[in-house]
Amino acid sequence: MYNVTKTEVNHIPARIINTDKFKTITIQLQLRSRLSKERVTKRNLLSRMMVKRTLRHPAEADLLNHLAHYYGAHLTTNVGRKGQDHIVTFSMEFVNNKFIREALDIPNEMCRVLKDVLDTPFEYDEDFTAFFEREKRLYKNRLKSMKDNRAQASFQAMVNTMFEDEEYKYLSHGVLEDIDSITLEDLREEHAEMMSADDMVILTAGSVDDGILENLSLIHSREEKEEIDHQPYPYRAVSKVKRATDTQKIEQAKLNMGFRAELDSAESHMAFNVLNQMFGGTASSYLFRNIREKQSLAYQISSQIDVRNGYMFVMGGVDAENVEKAEKGILEELERFRSGDFEDSFIDEIKGMMRVNRKEVMDKPKGLIALEYNQLLKKPDTPEWETQLARVDRALIIEISKKIHLDTVYVLTRSDEDAAD
Amino acid sequence: MQLTEYREIDEKVYSHKCTNGLEIFVIQKPGYSKKFATYTTKYGSMDDLFMVDGREHRVPDGIAHFLEHKMFEKEDGDVFNLFSKYGANANAFTSYDRTSYLFSTTEDFTKNLDLLMNMVEKPYFTDETVEREVGIINEEIKMYQDNPGYKLYFETLNQMYHQLPVKTDIAGTLDSISEITKEHLFTCHSTFYHPSNMVMILVGDFEVESLISHVDEHQNDRGITHIPSIERKLPEEPAEIALKHKVLEMDVQDTKVMIGFKKLQTLASASERLVRDLSMMFALDMVFGEQSPYYYELMDSGLIDDSFNFSHIEEISFAHTLLTSTSDEPAKLKERLTEIIKEVKKDEFFTDEKLANQKREVLGDYLSSLNSPEYIANQFTKYHLDGYDLYKLPEIIESITPDDAKKHFIDVMDPNNMVECILKPHG
C-alpha cells in the first residue's frame, strides 16, 4: 500500500513515504532538542512567528494569499515532546498537482516557502518589533484561556505538583510567566541554535516521483549531520503521595491522579501501554465501564500515559460530593491488575483494538509520518511493534501493574460557600 | 444499485434504496484499511413536537440525545463493549436535526455492521436504566455549563430566538430529562428510527455488490411495510431578535464576546440555502478573514486576539451568523464591526480577484478533506439530508459570484437583527 525511501537530503535524514491513496502531499520538518524551561517558551513563540511572516512575504495577508493561490496549501507548526525532548514541527500540506487543471508546480513552490520560513529569523530586526510584541500578547492570551478549560487547567496543576522540581512540568506549550521577558534577540539566538544544533528530519507522505528529492533539497542544507540521542527521563521512586486541592466557582469537580511506572524493556513499555488501554484508555476500559457506567461516579473518566517516560495520568470529571469515593474506586480498579482479576479475552480484545488503531493511523498522511518518525527514533535493536505486542501476556501485565505507583492526587472543586447555594 | 462517478475528483458512489425506505450509499476508497459506517436518523434536538399518522406528540427537551445514549444499552449489556470486542471504534452524536451512530474498523466489517444495525433498530428501555441515565446526562450538562465558550454560545442563541428550539441545549436540562419515561423513548424510536427516515453511508475499500445485498437482506428480514407520515411542528418564530445586549459573569481569565446576526429562514429550496451558505462563507472570509486588512486593523488595535472566529449557519429552519473573540473592549469591538459592515456595503470590496483566491483555497481544503473517510461519511450525510450532494460542491463553489457574496452579506449582517453577549470575569 505504501513504500518508504530512506535517504539524506543535504545531510538531513529524509523519509519519503510513497502512496496513491491521498489527494495531497504532506512535507514535515521535525526539529528535536532537549526540553528545558529556558527554551520551551521561546520556541513556541518563535515557531508561531515563523509561519506567519517571511522575508518574501513580510505581511501575514501576503503569505496567506500566496498559499491560497496554491490551492490553500496549509503551513502549520506544532510543538510536542517525546522522552526528554522537545520537538518543533513544521508541516506543509498541499493538493497533488494531478487534481489541478492548470500548470502550477505546487511542490516546488511549497519547498521554497519552507526555506523562506526557516531562513527568516536570521534577519529579524527592528522591522519585526511590532509583530513580535503582538505575537507575545496573542501567546499570553492563548495560555491564559487554557486556564478557562477546567480539565486542561487541573491537569496542568496536577503536573506542577507531581513534577515540582523536574523539567517535565514544563509542558510543550510553554510558561506564561516567562513570555514578557523574552526579547527579539533571544529569539534570534534560539533560532540560530535550532538551525545549527537540532536533530532535523524531513518526512513526506503522498504520491510523488523522483523529482521530490530535488524539491526537498531546496528547503535547507547542512555541512554535516546533527544527531541527538533520544532518552526517557530516569525513573524516580515515590516516597509519599502528594496531595493538592484548589477551589473555583464551578459545577463539576475535576479529579486528577498521577502515577509513575518502573519500566526497563521494550516489552515492559508495551505492556504498560496495553494495561493503560484496559485500565482507562478506551470506552471499554474498567474505569469507563465501572466508575462511569456502573457506579455513575463520573461523567468523564479516562487514563492516559506517557509511554516513553513511564507516567500514567487519570483524569475525571466528578460530582463534588463524590471525589473521595471516585478516588477510592479508581485505585480499586488498578488493584484488579495487581491481583490478576481480569479476563484473558479482554487482553486479546485490547490488543486487537491496538492493531486496528495502528492500521487506521496509516490512513492519514500525518499518521504515516508519525509512525515513520518514531521508527527513526527507536534504538536499532528494538523489536518490531507487532513482536513486542505479541509478547504481552497476563503475567507481564500483572508484573507491570505492581510497578505502577501513585504519586499525586490533585482536585479542583467548588468552594464551600458555593456548595451552600 | 446505481453508480455515480465523479471523474474530476476521482470518487465513486454507489447508491441503493431498500423496499422499507432505507437509503444506502457506498463510497469507494481504494487502498484504505479503514472502513467507516454511519447510520443516521433525521431526528435531532429540535424535533420535540410532531404528528405521526395524524396524532400529535410533545416530548421533553433533550430526548433525542437521551435516546442516543440509551440505544447502546441492551438487555445483555453495553453494545459499546461488543464493538470493541469485534475490533471497532464506535460512537454517536446528536445535533439539531439528526442523530448519527457510527463505527470504524479495519477488521470484520460486516459483523460490526450487523451489530450497528441491530443496535439502532432494536430498542431496549426499562424504568431503571432510564433513571440511571438521568444521572449520567446531568453530569454531561454540568460539564458544558463550566465551559465558557459553550455558555456564551447558548446565551447568544437565547438572545436571538424567542421560540425556536435551537436555543435549547441539545442535551436538555436536568428538569426536562427528569421527565423522560421509557414510553417517550419507545414513541420517538418507532417514529424517527423508521428506515424511511434513515440513511446509511459506508466508506472504504469494499466488495460493493455483496455489501449492498447484505444490508438489503437484513432490511427485508425486518418485514417493515408501513411507512408512517411524520410531520414536524415548529413554533412560530418572529423575525426580530429577543434581547439585544447581555452581560454574564463567570470564573474566566478574560472577557469574551459573541455577536450574532439572526436571519429568519425563508429560503425554501436546498440549492438557495447552499448558495447563501457558501456566499456567506466567502464574504465573511473576505471581510474578516486573515487575508483581510480589517483583520489586522482589529488585531493591532487590540480589539480581538487570535481566538477571533466567525461562521454562518444555514439550516432548513433557521440561519444566523456568529462572530466571537476574547476582547478587552467589547463595546469598541461591536462599534468597529458595525462600521466595517457599513464600509464594505459602500465600497467595491467584494472583487473577482479576492473571490478567485478564496475559491482556490476552499477547493484545496475540500480535496484534502476527502483524504478522510470520517469527513466523507459525516459530510455526505449532512449534505444528503439537507438535499445536496457533497461531491457536487466544486460546481456550486465555481458558480458563486462577488455579487452573491455582497448581496447575502448585506442581507444577513443587518444591525437591526444583531445581538451581543459579553462574558466577563467575576468582580
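The values are calculated or read from the model by the stated rules, or taken from the named source; none is laboratory data. No experiment lies behind these values; they were computed from the predicted model shown. Methodologically, a virtual Cβ is constructed for each residue, glycine included, from the backbone with ideal geometry; neighbour enumeration extends over all protein chains shown.
Things to note:
- For B:Asp61: the one exception among (1) in contact with a Phe, Trp or Tyr (Cβ under 8 Å, 6 or more places away or on another chain); (2) acidic (Asp, Glu); (3) assigned to a loop (DSSP other than H, G, I, E, B): (1)
- Extreme residue, nearest to A:Arg81 (Cα to Cα), among residues of the stretch A:15-42 that are more than 9 Å from chain B (Cβ to nearest Cβ), outside any strand (DSSP E or B) and touching a Ser or Thr at 6+ places or on another chain (Cβ under 8 Å): A:Leu35
- The set of residues in the stretch A:29-43 being surrounded by 20 or more Cβ atoms within 10 Å (Cβ to Cβ) and touching a Phe, Trp or Tyr at 6+ places or on another chain (Cβ under 7 Å) consists of A:Leu29, A:Gln30, A:Leu35, A:Val40.
- Test: residue in the stretch A:52-60 that is of a type outside the set (Gly, Ala, Ser), in a helix (DSSP H, G or I) and within 14 Å of chain B (Cβ to nearest Cβ): yes
- 3 or more residues closer than 30 Å to A:Arg101 by Cα and not charged (D, E, K, R): qualifying helices (runs of 4 or more DSSP H) within the stretch B:279-372: B:352-369
- Unmet criterion (only one of (1) surrounded by 22 or more Cβ atoms within 10 Å (Cβ to Cβ); (2) more than 10 Å from chain B (Cβ to nearest Cβ); (3) in a helix (DSSP H, G or I)) for A:Glu335: (1)
- Positions within the stretch B:144-156 being without any contact (Cβ under 8 Å) to a residue 12 or more places away in the chain and surrounded by 21 or more Cβ atoms within 10 Å (Cβ to Cβ), in sequence order: B:Asp146
- Only one of the numbered conditions (1) over 30 Å from B:Leu303 (Cβ atoms); (2) modelled with pLDDT under 95 is violated by A:Glu109, and that is (2).
- Residues that are more than 14 Å from chain A (Cβ to nearest Cβ), crowded, with 17+ Cβ neighbours inside 10 Å and not β-branched (Val, Ile, Thr), drawn from the stretch B:296-335: B:Phe310, B:His312, B:Glu314, B:Glu315, B:Phe318, B:Ala319, B:His320, B:Leu322, B:Leu323, B:Pro330, B:Leu333, B:Lys334
- Pick from the stretch A:61-75, criterion at the interface with another protein chain (Cβ under 7 Å from one of its Cβ atoms) and free of Cβ contacts under 8 Å to residues at least 24 places away in the same chain, ranking: farthest from A:Ile25 (Cα to Cα): A:Ala61
- Selected residue (only one of A:Leu143, A:Leu118, A:Leu114, A:Leu171 is within 14 Å of chain B (Cβ to nearest Cβ), under 30 Å from A:Val201 (Cα atoms) and of a type outside the set (Val, Ile, Thr)): A:Leu143
- Within the stretch B:243-264, the set of residues being more than 14 Å from chain A (Cβ to nearest Cβ) and either surrounded by fewer than 18 Cβ atoms within 10 Å (Cβ to Cβ) or more than 24 Å from the chain's Cα centre (by Cα) (or both) comprises B:Leu243, B:Lys244, B:His245, B:Lys246, B:Val247, B:Leu264.
- Which listed residue is buried (at least 21 other Cβ atoms within 10 Å of the Cβ), of a type in the set (A, V, I, L, M, F, W, C), part of a loop (DSSP other than H, G, I, E, B) and not assigned by TED's automatic domain parsing to the domain that holds A:Asn149, from A:Leu263, A:Leu255, A:Leu275: A:Leu263
- Scanning the stretch B:205-259 for residues that are of a type in the set (Gly, Ala, Ser) and either in contact with a helix residue (DSSP H, G or I) (Cβ under 6 Å, 6 or more places away or on another chain) or assigned to a loop (DSSP other than H, G, I, E, B) (or both) yields B:Gly223, B:Ser229, B:Ala239, B:Ala242.
- Restricting the first member to the stretch B:10-23 and to residues that are surrounded by 18 or more Cβ atoms within 10 Å (Cβ to Cβ), and the second to residues that are in a strand (DSSP E or B) and of a type in the set (Ser, Thr, Tyr), the beta-carbon pairs closer than 7 Å and six or more apart or on different chains are B:Val13/B:Thr4.
- Per-region count, the stretch A:79-102, residues away from chain B (no Cβ under 14 Å) and either within 19 Å of A:Ser217 (Cα to Cα) or over 27 Å from the mean Cα position of the chain (by Cα) (or both): 2
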